[in-house]
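Enquirer: Below is the structure I would like to discuss, written out as structure tokens.
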Amino acid sequence: MRASAFRFELHNVDRGCAARRGTFHTPHGPVEMPAFMPVGTQGAVKGVTVDQLRHTGAQMMLANTYHLTLRPGESIVEKLGGLHAFSGWPGPILTDSGGFQLYSLAQMTKVSEAGAVFRSHIDGRSLELSPERAVAIQEALASDVAMVLDHVVSLPAAEDVVADAMQRTVRWARRARDSARRADQALFGIVQGGLDPELRAECAAALTQLDFSGYAIGGLSVGESPAEMYAVLDVTAPLLPADRPRYLMGVGTPTDLLEAVYRGVDLFDCVMPTRNGRNAMAFTDAGGLRMRNLSLAEDKRPLEEGCPCPACRHSRGYLRHLFMAREMLGPILLSIHNLTYYQRLLAEARAAIGRGEFVPFRQRKLAGWRTAAARADRAGP
Ligand SMILES: [Zn+2]
């Protein structure tokens, strides 16, 4: 099943690696890839208005099915005109399926072949999420891209547990595909299989047969090391169809993004820019800045020279003061800066791939972050 309103246009593959430059066309506009989606768990990116979000360079937003179906409920979102009208975000929106909560809220979940039963973290009410129900909820939410319900397990896990979850994910993906009705909504399959190259390959082959509009690599960033994650990308990304977008779910640090782009991934989401922003950590080309650090008290420089975001109109000393005084503007400005940092990083990556120079670009960025990390280690805690 491929929704015809969607098309992935591959412009070029970098000459030195698998990095891809493409455009994903959706009913709410194009997404230039590789791209990063800010996370709007509750239909809002925490602390940031949609106009501010647009100015960070964001093209596509992620919203969370599990949270929105518990509160306010998908029928209310539908009555208020669907997620675009509800949130005020005019660009493309992707919704996850709730599968990740099988992992993150596992002590409250029972999984069977029919689906999963959650206990609400809000009021204890139980909620059934089958592959068909996850599609129906996302159709009511009216996102541009819906994700199939998958079975995520935490790593490390026994081989048979990982294999069972992968095979269930494939069966659920078929049921999701067969129940999807909206022509204006694309459905992405999710490759599972833990750290096992053979299970990943088997899953990728089975899902490709089902002909999804895009493919996600799921079940990563769940306790494995970065090297293990990159090894999974090395074996999985080349097995996915070249003419569909590839989405690495829930990842990651700036280093993770460049390592995944290098291996042929096109799309990302992560709470890190906003969560770290609320926790007084700013991303820069010279590594992370801890804004409560005394060394910034009289620092007149912006967070990052040349950054066009509203936080960078101020000095580091002023931003530090906002955090020390618990002024709400501090977390807001830092969230906007971090989102802008991620968007500029991906925009630079796209330009570098366009020139066929992603390999030296990646080397330069990684070297800057590594030097900063080494400096921080020498300085001590
Ligand atoms: Zn900035």
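Enquirer: Do we find that residue 69 is over 22 Å from residue 338 (Cβ atoms), surrounded by 15 or more Cβ atoms within 10 Å (Cβ to Cβ), free of Cβ contacts under 8 Å to residues at least 12 places away in the same chain and in contact with a helix residue (DSSP H, G or I) (Cβ under 9 Å, 6 or more places away or on another chain) in this structure? Walk me through it before giving the result.
Expert: Details: over 22 Å from residue 338 (Cβ atoms): yes; surrounded by 15 or more Cβ atoms within 10 Å (Cβ to Cβ): yes; free of Cβ contacts under 8 Å to residues at least 12 places away in the same chain: no; in contact with a helix residue (DSSP H, G or I) (Cβ under 9 Å, 6 or more places away or on another chain): yes.
Considered against the rule, which asks whether it is over 22 Å from residue 338 (Cβ atoms), surrounded by 15 or more Cβ atoms within 10 Å (Cβ to Cβ), free of Cβ contacts under 8 Å to residues at least 12 places away in the same chain and in contact with a helix residue (DSSP H, G or I) (Cβ under 9 Å, 6 or more places away or on another chain), residue 69 comes out as no.
Enquirer: Based on this model, can you work out whether residue 183 counts as among the hydrophobic types (A, V, I, L, M, F, W, C) and within 28 Å of residue 237 (Cα to Cα)?
Expert: Yes; evaluated as a whole, the condition is true for this residue.
Enquirer: Scanning region 337-358 for residues that are more than 15 Å from the ligand (Cβ to nearest atom) and not hydrophobic (A, V, I, L, M, F, W, C), which turns out surrounded by the most Cβ atoms within 10 Å (Cβ to Cβ)?
Expert: Checked region 337-358; the qualifying residue surrounded by the most Cβ atoms within 10 Å (Cβ to Cβ) is 350.
Enquirer: Now a separate question. Quick one: which strands (runs of 3 or more DSSP E) sit completely within region 103-197 and have at least 2 residues that are at pLDDT 95 or above and buried (at least 24 other Cβ atoms within 10 Å of the Cβ)?
Expert: Qualifying strands (runs of 3 or more DSSP E): 145-147, 186-191.
Enquirer: Might you let me know whether region 296-307 holds any residue that is at pLDDT 95 or above and part of a helix (DSSP H, G or I)?
Expert: Taking region 296-307 and keeping what is at pLDDT 95 or above, we get 296-307.
From what's left, part of a helix (DSSP H, G or I): 296.
Yes, region 296-307 contains at least one residue that is at pLDDT 95 or above and part of a helix (DSSP H, G or I).
Enquirer: Checking residue 221 against (1) of a type in the set (S, T, N, Q); (2) over 23 Å from residue 89 (Cβ atoms); (3) part of a helix (DSSP H, G or I), only one condition comes out false. Which one?
Expert: Here residue 221 meets the rest and fails (3).
Enquirer: Here is a further query. May I ask you to verify whether residue 334 is among the hydrophobic types (A, V, I, L, M, F, W, C), within 16 Å of the ligand (Cβ to nearest atom) and closer than 30 Å to residue 32 by Cα?
Expert: Details: among the hydrophobic types (A, V, I, L, M, F, W, C): yes; within 16 Å of the ligand (Cβ to nearest atom): yes; closer than 30 Å to residue 32 by Cα: yes.
Criteria met by residue 334.
Enquirer: Okay, next question. Evaluate the following for residue 279: is it on the phi < 0 side of the Ramachandran plot, in contact with a Pro (Cβ under 9 Å, 6 or more places away or on another chain), away from the ligand (no atom under 13 Å from the Cβ) and not β-branched (Val, Ile, Thr)? Don't jump to the end; show me each part of the working.
Expert: Working: on the phi < 0 side of the Ramachandran plot: yes; in contact with a Pro (Cβ under 9 Å, 6 or more places away or on another chain): yes; away from the ligand (no atom under 13 Å from the Cβ): yes; not β-branched (Val, Ile, Thr): yes.
Yes, satisfied.
Enquirer: Moving on to the next point. Scanning region 308-317 for residues that are within 14 Å of the ligand (Cβ to nearest atom) and not in a loop (DSSP other than H, G, I, E, B), which turns out farthest from residue 48 (Cα to Cα)? Before you say what the answer is, go through the steps one by one.
Expert: Taking region 308-317 and keeping what is within 14 Å of the ligand (Cβ to nearest atom), we get 308-316.
From the residues that got through so far, the ones that are not in a loop (DSSP other than H, G, I, E, B) too are 310-313, 316.
Details: 310: 12, 311: 13, 312: 16, 313: 17, 316: 20 Å.
Among residues in region 308-317 that are within 14 Å of the ligand (Cβ to nearest atom) and not in a loop (DSSP other than H, G, I, E, B), the one farthest from residue 48 (Cα to Cα) is 316.
Enquirer: How many residues does region 296-321 contain that are crowded, with 18+ Cβ neighbours inside 10 Å and touching an Asp or Glu at 6+ places or on another chain (Cβ under 7 Å)?
Expert: Adding up the residues that qualify gives 3.
Enquirer: Between a residue in region 157-180 that is over 15 Å from residue 112 (Cα atoms) and any residue that is part of a helix (DSSP H, G or I) and among the β-branched types (Val, Ile, Thr), which pairs come within a Cβ distance under 7 Å, given they are 6 or more apart or on different chains?
Expert: Final answer for the pair search is 176/135; 179/135; 180/135.
Enquirer: Which one of 145, 170 is among the hydrophobic types (A, V, I, L, M, F, W, C) and under 20 Å from residue 199 (Cα atoms)? Let's see the steps before the verdict.
Expert: Working: 145 fails: under 20 Å from residue 199 (Cα atoms).
The match here is 170.
Enquirer: State which residue is surrounded by the fewest Cβ atoms within 10 Å (Cβ to Cβ) when the search covers only region 282-295 and only residues that are more than 15 Å from the ligand (Cβ to nearest atom) and outside any strand (DSSP E or B).
Expert: Applying the filter and picking the extreme gives 294.
Enquirer: Of 271, 265, 261, which residue is touching a Pro at 6+ places or on another chain (Cβ under 6 Å) and away from the ligand (no atom under 16 Å from the Cβ)?
Expert: Details: 271 fails: touching a Pro at 6+ places or on another chain (Cβ under 6 Å); 265 fails: touching a Pro at 6+ places or on another chain (Cβ under 6 Å).
So the residue among 271, 265, 261 that is touching a Pro at 6+ places or on another chain (Cβ under 6 Å) and away from the ligand (no atom under 16 Å from the Cβ) is 261.
Enquirer: Collect the residues in region 178-220 that are basic (Lys, Arg) and within 22 Å of the chain's Cα centre (by Cα), keeping them in residue-number order. Please lay out each step first, then the result.
Expert: First pass over region 178-220, keeping only residues basic (Lys, Arg): 181-182, 200.
Selection gives 200 alone.
Enquirer: With the structure loaded, tell me whether residue 362 is over 25 Å from the mean Cα position of the chain (by Cα), assigned to a helix (DSSP H, G or I) and either within 16 Å of the ligand (Cβ to nearest atom) or in contact (Cβ under 8 Å) with a residue 12 or more places away in the chain (or both) or whether it fails that test.
Expert: Details: over 25 Å from the mean Cα position of the chain (by Cα): no; assigned to a helix (DSSP H, G or I): yes; either within 16 Å of the ligand (Cβ to nearest atom) or in contact (Cβ under 8 Å) with a residue 12 or more places away in the chain (or both): yes.
When the stated conditions are applied, residue 362 does not pass them.
Enquirer: Looking at 269, 243, 234, 285, can you tell me which residue is over 28 Å from residue 195 (Cα atoms), of a type outside the set (A, V, I, L, M) and at pLDDT 95 or above? Break it down stepwise before answering.
Expert: On the way: 269 fails: over 28 Å from residue 195 (Cα atoms); 243 fails: over 28 Å from residue 195 (Cα atoms); 234 fails: over 28 Å from residue 195 (Cα atoms).
Only one candidate passes the filter, namely 285.
Enquirer: Filter region 198-235 down to residues that are among the aliphatic types (A, V, I, L, M), crowded, with 23+ Cβ neighbours inside 10 Å and farther than 18 Å from residue 153 by Cβ, then give me how many there are.
Expert: Here the count works out to 1.
The values are calculated or read from the model by the stated rules, or taken from the named source; none is laboratory data. On a predicted model such as this, the values are computed, not experimentally measured, just so you know. FYI the Cβ positions are ideal-geometry reconstructions off the backbone, even for glycines, and counts take in every protein chain you see.
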